[in-house]
1. Run down GLU133, GLU147, GLU110, GLU118 and say which single residue is modelled with pLDDT of 95 or more and surrounded by fewer than 19 Cβ atoms within 10 Å (Cβ to Cβ).
2. Any residue at all in the stretch 158-170 that is in contact (Cβ under 8 Å) with a residue 40 or more places away in the chain and outside any loop (DSSP other than H, G, I, E, B)?
3. Given (1) in contact (Cβ under 8 Å) with a residue 24 or more places away in the chain; (2) in a loop (DSSP other than H, G, I, E, B), where does GLN70 come up short, assuming only one miss?
4. What do you reckon, is PRO58 in a loop (DSSP other than H, G, I, E, B) and closer than 28 Å to PRO29 by Cβ?
5. Every residue in the stretch 131-157 that is more than 17 Å from ASN115 (Cβ to Cβ) and either outside the structural domain of VAL55 (by TED's automatic domain parsing) or assigned to a loop (DSSP other than H, G, I, E, B) (or both), please.
6. With respect to GLU85, is the statement that it is over 17 Å from ALA148 (Cα atoms) and touching a Lys or Arg at 6+ places or on another chain (Cβ under 9 Å) true?
7. Name the single residue, out of those in the stretch 95-107 being surrounded by fewer than 18 Cβ atoms within 10 Å (Cβ to Cβ) and either assigned to a loop (DSSP other than H, G, I, E, B) or not hydroxyl-bearing (Ser, Thr, Tyr) (or both), that is nearest to the chain's Cα centre (by Cα).
8. Is it the case that ARG103 is touching a Gly at 6+ places or on another chain (Cβ under 9 Å), within 16 Å of ligand 2 (Cβ to nearest atom), within 30 Å of PRO58 (Cα to Cα) and in the same structural domain as VAL52 (by TED's automatic domain parsing)?
Amino acid sequence: MTTNRREHHGSSAPGRAAGAPARHSHKYPPSGPLVIDIRDLGRQPGAGRDVVTQVPAPADLGLELIKIPQDSTLELDLRVESVAEGVLVTGTVRGTAVAECGRCLTATTEDVQVNLTELFAYPGTKTDETTEEDEVNRLVDDRADLEAVIRNEIVTELPLTPLCKPDCQGLCAGCGERLEDLPEDHAHELIDPRWAALREKFSGAEPGGDDHDDS
Ligand SMILES: [Zn+2]
Ligand SMILES: [Zn+2]
């Protein structure tokens, strides 16, 4: 349990608990569309509030090949509730990811919805002292920054190989066109290039048929 975390437990000298809690290296106070200010709950267990709103998506919300574009709409449907040592954030976050189909390369979109159940602990509580920050989130200046939490959930939810539809046929190996756009009897006379060269040689035909112009 004594993983050596940088800023937080970096100097894990005994008696650290007696000193002032180290200030995390987050921006302070946290701000942005995914930061929920919970000062109005007054640290009263049971107090709660709905957070139902639309916010612009932060950058890098997803993977390289599929992501929710920055500034596109994220729909938050959350409940924030004060609990003994922090606040509990529950609910859903929805957005629309864009991607290229992994088989046919067509641009495609995918609705993504994730469920959150996240505890944010106040500094100085038992939870704060007995858990790592990657186990339980921390409130910073009575604000819950949801960005990392939402990013983690969404990245987990996104398909590694996005498809325009589950049974996408992909591309024709002969011409690279989408098979779905081609007639059913579409086919190529597939000739191994080595055989083609031999055939030309023995038939005495001019190599290639293209009229290149060597001047
Ligand atoms: Zn496709
Ligand atoms: Zn083809």
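The values are calculated or read from the model by the stated rules, or taken from the named source; none is laboratory data. Note that the structure is predicted; figures quoted are calculated from it, not measured. Reconstructed Cβ throughout: ideal geometry from the backbone, glycine too, with neighbour counts over all protein chains shown.
1. Working: GLU133 fails: modelled with pLDDT of 95 or more; GLU110 fails: modelled with pLDDT of 95 or more; GLU118 fails: surrounded by fewer than 19 Cβ atoms within 10 Å (Cβ to Cβ).
Answer to the check: GLU147.
2. No, there is no match, as no residue in the stretch 158-170 is in contact (Cβ under 8 Å) with a residue 40 or more places away in the chain and outside any loop (DSSP other than H, G, I, E, B).
3. Only one criterion in (1) in contact (Cβ under 8 Å) with a residue 24 or more places away in the chain; (2) in a loop (DSSP other than H, G, I, E, B) is unmet by GLN70, namely (1).
4. Values: in a loop (DSSP other than H, G, I, E, B): yes; closer than 28 Å to PRO29 by Cβ: yes.
Yes: the conditions hold for PRO58.
5. Listed by number, the residues that qualify are THR131, GLU132, GLU133, ASP134, GLU135, VAL136, LEU139, ASP141, ASP142.
6. On the way: over 17 Å from ALA148 (Cα atoms): yes; touching a Lys or Arg at 6+ places or on another chain (Cβ under 9 Å): yes.
Yes: the conditions hold for GLU85.
7. Taking the stretch 95-107 first, the residues surrounded by fewer than 18 Cβ atoms within 10 Å (Cβ to Cβ) are 96, 98, 100, 102, 105-107.
Retained after the next criterion (residues that are either assigned to a loop (DSSP other than H, G, I, E, B) or not hydroxyl-bearing (Ser, Thr, Tyr) (or both)): 98, 100, 102, 105-107.
Details: VAL98: 11, GLU100: 15, GLY102: 17, LEU105: 20, THR106: 20, ALA107: 18 Å.
Among residues in the stretch 95-107 that are surrounded by fewer than 18 Cβ atoms within 10 Å (Cβ to Cβ) and either assigned to a loop (DSSP other than H, G, I, E, B) or not hydroxyl-bearing (Ser, Thr, Tyr) (or both), the one nearest to the chain's Cα centre (by Cα) is VAL98.
8. Working: touching a Gly at 6+ places or on another chain (Cβ under 9 Å): yes; within 16 Å of ligand 2 (Cβ to nearest atom): yes; within 30 Å of PRO58 (Cα to Cα): yes; in the same structural domain as VAL52 (by TED's automatic domain parsing): yes.
Considered against the rule, which asks whether it is touching a Gly at 6+ places or on another chain (Cβ under 9 Å), within 16 Å of ligand 2 (Cβ to nearest atom), within 30 Å of PRO58 (Cα to Cα) and in the same structural domain as VAL52 (by TED's automatic domain parsing), ARG103 comes out as yes.
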